[in-house]
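Peer 1: Pasting a structure below so you can have a look.
Read-outs: derived from the displayed coordinates by stated rules, not from any lab. This structure is a prediction, so every number in the text was calculated from the model and none was measured. Note: ideal-geometry Cβ built from the backbone for every residue, glycine included; neighbour counts use all protein chains shown.
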């Protein structure tokens, strides 16, 4: 019973943080917001599997996009032409297990 309450409270905090990230994203100029949503979708599939790493990456992406927008620079000025490789490097540099890595480990444990 206590565990369920704690899970709900922690979940509420994560939800609050998520809504704050989304609010910040919507404050970006439209083209930067659209680019953020595309990068976000990519990271949901290939990015870190844990919430703290996702939160860290999304927070930093929003900071970078806000800076680019204020300077009138394009997203590819930051990422280079291979945006996916840039995002993959963020995940690797963070030292976080990606969804792909998590599934790879699970597969290897199941098949002997």
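Peer 1: Kindly express, to the nearest 10 degrees and within the range 0 to 90, the angle between helix 99-110's C-alpha long axis and the longest C-alpha principal axis of the chain.
Peer 2: Compared with the principal axis, the helix lies near 20 degrees.
Peer 1: If you average the sequence gap of Cα pairs under 8 Å that are 6 or more apart and divide by the length of the chain, what percent do you get for the contact order?
Peer 2: On the way: 60 pairs, mean separation 34.1, N = 112.
Normalised by residue count, the contact order of the chain is 30 percent.
Peer 1: So, in Å, what gap is there between the alpha-carbon centers of the stretch 37-73 and the stretch 82-99?
Peer 2: Taking the Cα centre of the stretch 82-99 as reference, the centre of the stretch 37-73 is 11 Å away.
Peer 1: Compute the angle between helix 51-71 and the longest alpha-carbon principal axis of the chain, please, reported from 0 to 90 degrees and rounded to the nearest 10.
Peer 2: 0 degrees
Peer 1: May I ask you to sort 42, 32 by Cβ crowding, counting other Cβ atoms within 10 Å and putting the fewest first? Intermediate results must be reported in sequence, preceding the final value.
Peer 2: Values: 42 14, 32 19.
By the 10 Å Cβ count, ascending: 42, 32.
Peer 1: Any chance you could give the angle, 0 to 90 degrees and rounded to 10, that helix 83-94 forms with the longest Cα principal axis of the chain?
Peer 2: Long axis of 83-94 versus the principal axis of the chain: about 50 degrees.
Peer 1: When a footprinting reagent is the concern and you count Cβ atoms within 10 Å, what order do 91, 83 take, fewest first? Don't skip to the end; give the middle numbers.
Peer 2: On the way: 91 22, 83 16.
Result, fewest neighbours first: 83, 91.
Peer 1: Here are several values of semi-axes √(5λ) of the Cα gyration tensor in Å: (1) 28, 22, 9; (2) 39, 25, 20; (3) 21, 20, 12. Which one was derived from the coordinates shown?
Peer 2: After the calculation, the listed value that fits is (1).
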